[in-house]
Amino acid sequence: MDLKSPPSVTTAERHTGPFSAGSALNPGPDLKPLVSDPVKEIRIDATHKIIEIAPGVKYSAWTLGDTVPGPVIRARVGDRIKFSMTNRSDEAAPGIRMTAAPMMHSMDFHAAMVSPTDKYHSIAPGQTIAYEFTLNYPGVFMYHCATPMVLEHIASGMYGMVIVEPRGGYPTRVDREYAIVQSEFYTRPDPQKRKVDNQPLHVLDGERVRSKASTYTVFNGRYNGFVDKPLLAKPGERVRLFVLNAGPSNTSSFHVVGTIFDRVWLDGNPDNQLRGMQTVLLGSSGSAIVEFVVPEAGVYTMVDHHFSNASQGAVGLIEASGKAPVGGMPAGAEHHNIPATAVPSDPEAVQGKLNFESKCLACHTIGGGPKPNLGPDLYGVTGRRDEAWLRRWLKSPDRMLQTDPQAKELLAQWKVPMPNQYLSDEEISQYIAYFRWADQNRQPQSGGLASAAAPAPGR
Ligand SMILES: [Cu+2]
């Protein structure tokens, strides 16, 4: 145990250039192997920046290292961390200048044992703080800004992961390693109605953040993180995930559909071992290393098994063997076939798309073909049904199935009734706006389109 740490040094000299630097840093989720140098120089600067939480949802974030989450630091017990940070919240972000006012920030490493008053104090815009410490315990630790209101600084995006490996490495060997950081956002549309890239800006909602009423719960800063770009593995491989729940306030019940965690090391320390776990419960700033075997080819969904969190975006995929996902995945766990780059700009359609991905994707695609025994492809639906019919259908499919001839015809094809979705009029308008956008914007592509153009029966 090494508790020696000279006093921190605060100066008015600024870092320039990259917002983070050091060979031990990883952007995540992919991890470089451990760098063997026992002294690790790390620079992570504080910035204000617009990030994109979900397609079309721009958010006014505060960052450590100019990304949310900040870079993953990978080190080993006994390593000396030489850390420095400039508060660059006063710098104009390249491109659009629409960030929050410059303010005080700081850095608190859960991996360190140091005086918080000396090391974790706030610095003003333009100042630089430097301090050093030795890593005494193995684990997966959080770092975050600790400037009051800490809640707001974390909810704005100021957090990241430190991996501290045991001195002699881990007791198991694995084929793949990935770092997953879960966190929540509490957003509301900008009251000044500002726009970024033609899309509405969102800002922190002070009411929601105090009442823990999150609007998004995400992996690695993105709604449905790793659904568009799944993490890769192969059948038979052993996978190690470093999982951190940054919070700021909610709990994660981390699970991977289709496998069992052979080992769970709570807080990332192999002395805290559990075996054969289905989920691992992580409080705010809680973490674990989980290891599992990929039993066979397939798509394995990482999910917060608190399903209201999953429906807010805490979903990601691990794809084994590169095969496309098949029908029947959990809601929100699948991509549909509109190119990922295509995003509606109208906020109503954006909201419709997000709701569709969490509530409807289990049974429907848009242009991806019908899902056998689940539901029709909705591509072209605004052409084959008029708006009044769609409104009545979405309001109450069960009543329509009893009274409306077109609905009865659909049921005769599909055999299974669409369950009532209990949608508000506002939500219904959002779905219709999204369907209309999809029908107008979809590029013809092979697969899906033919079956979508002519509504195909189920069977
Ligand atoms: Cu801060």
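Only residues that are over 25 Å from LEU31 (Cβ atoms) and aliphatic (A, V, I, L, M) were counted across the stretch 55-95, and they come to 3. Which one is modelled with the highest pLDDT, of the residues in the stretch 412-425 that are surrounded by fewer than 17 Cβ atoms within 10 Å (Cβ to Cβ) and outside any loop (DSSP other than H, G, I, E, B)? This residue is ASP425. Being touching a His at 6+ places or on another chain (Cβ under 8 Å) and more than 20 Å from SER8 (Cα to Cα) is the requirement here; does PRO102 meet it? Spelling it out, PRO102 is indeed touching a His at 6+ places or on another chain (Cβ under 8 Å) and more than 20 Å from SER8 (Cα to Cα).
Does ASP228 count as of a type outside the set (S, T, N, Q), closer than 21 Å to VAL294 by Cα and surrounded by fewer than 20 Cβ atoms within 10 Å (Cβ to Cβ)? Considered against the rule, which asks whether it is of a type outside the set (S, T, N, Q), closer than 21 Å to VAL294 by Cα and surrounded by fewer than 20 Cβ atoms within 10 Å (Cβ to Cβ), ASP228 comes out as yes.
The criterion of at least 2 residues that are over 22 Å from LYS40 (Cα atoms), within 16 Å of the ligand (Cβ to nearest atom) and not assigned by TED's automatic domain parsing to the domain that holds ASP304 is met, among helices (runs of 4 or more DSSP H) falling completely within the stretch 94-210, by 150-155. For THR251, the requirement of being hydroxyl-bearing (Ser, Thr, Tyr), touching a residue at least 24 places away in the same chain (Cβ under 8 Å) and farther than 26 Å from HIS153 by Cβ is not met.
Would you confirm whether or not the stretch 158-170 contains a residue that is in contact with a Phe, Trp or Tyr (Cβ under 8 Å, 6 or more places away or on another chain) and surrounded by fewer than 23 Cβ atoms within 10 Å (Cβ to Cβ)?
No, there is no match, as no residue in the stretch 158-170 is in contact with a Phe, Trp or Tyr (Cβ under 8 Å, 6 or more places away or on another chain) and surrounded by fewer than 23 Cβ atoms within 10 Å (Cβ to Cβ).
Scanning the stretch 29-52 for residues being under 26 Å from ASP175 (Cα atoms) and either crowded, with 21+ Cβ neighbours inside 10 Å or within 16 Å of the ligand (Cβ to nearest atom) (or both) gives a total of 1. Search the stretch 177-194 for residues being surrounded by fewer than 19 Cβ atoms within 10 Å (Cβ to Cβ) and touching a residue at least 12 places away in the same chain (Cβ under 8 Å), and hand back the single one that is nearest to ASN309 (Cα to Cα). In this case the residue turns out to be ARG188.
Looking across the stretch 97-115, the residues that are at pLDDT below 95 and among the hydrophobic types (A, V, I, L, M, F, W, C) come down to MET98, ALA100, ALA101, MET103. Is one or more of the residues making up the stretch 384-394 closer than 21 Å to GLU427 by Cα and either modelled with pLDDT under 90 or under 31 Å from the mean Cα position of the chain (by Cα) (or both)? Checked the stretch 384-394: at least one residue is closer than 21 Å to GLU427 by Cα and either modelled with pLDDT under 90 or under 31 Å from the mean Cα position of the chain (by Cα) (or both). Given the criteria within 16 Å of the ligand (Cβ to nearest atom) and modelled with pLDDT under 95, does THR86 qualify? Spelling it out, it is not the case that THR86 is within 16 Å of the ligand (Cβ to nearest atom) and modelled with pLDDT under 95. The combined condition, being surrounded by 22 or more Cβ atoms within 10 Å (Cβ to Cβ) and in a loop (DSSP other than H, G, I, E, B), is fulfilled by PRO69. For the stretch 339-397, the helices (runs of 4 or more DSSP H) that sit wholly inside it and include 2 or more residues that are under 21 Å from LYS408 (Cβ atoms) and not assigned by TED's automatic domain parsing to the domain that holds ARG188 are 381-384, 387-395.
Just one of the numbered conditions (1) surrounded by fewer than 23 Cβ atoms within 10 Å (Cβ to Cβ); (2) within 16 Å of the ligand (Cβ to nearest atom); (3) under 30 Å from GLY313 (Cβ atoms) is not true of PRO55: (2). Tallying residues that are touching a Lys or Arg at 6+ places or on another chain (Cβ under 7 Å) and crowded, with 21+ Cβ neighbours inside 10 Å within the stretch 113-131 yields 1.
The values are calculated or read from the model by the stated rules, or taken from the named source; none is laboratory data. Treat the numbers as computed from the prediction; the structure is a model and nothing was measured. Positions of Cβ are generated from backbone atoms using ideal geometry, with glycine treated the same way; all protein chains shown enter the neighbour counts.
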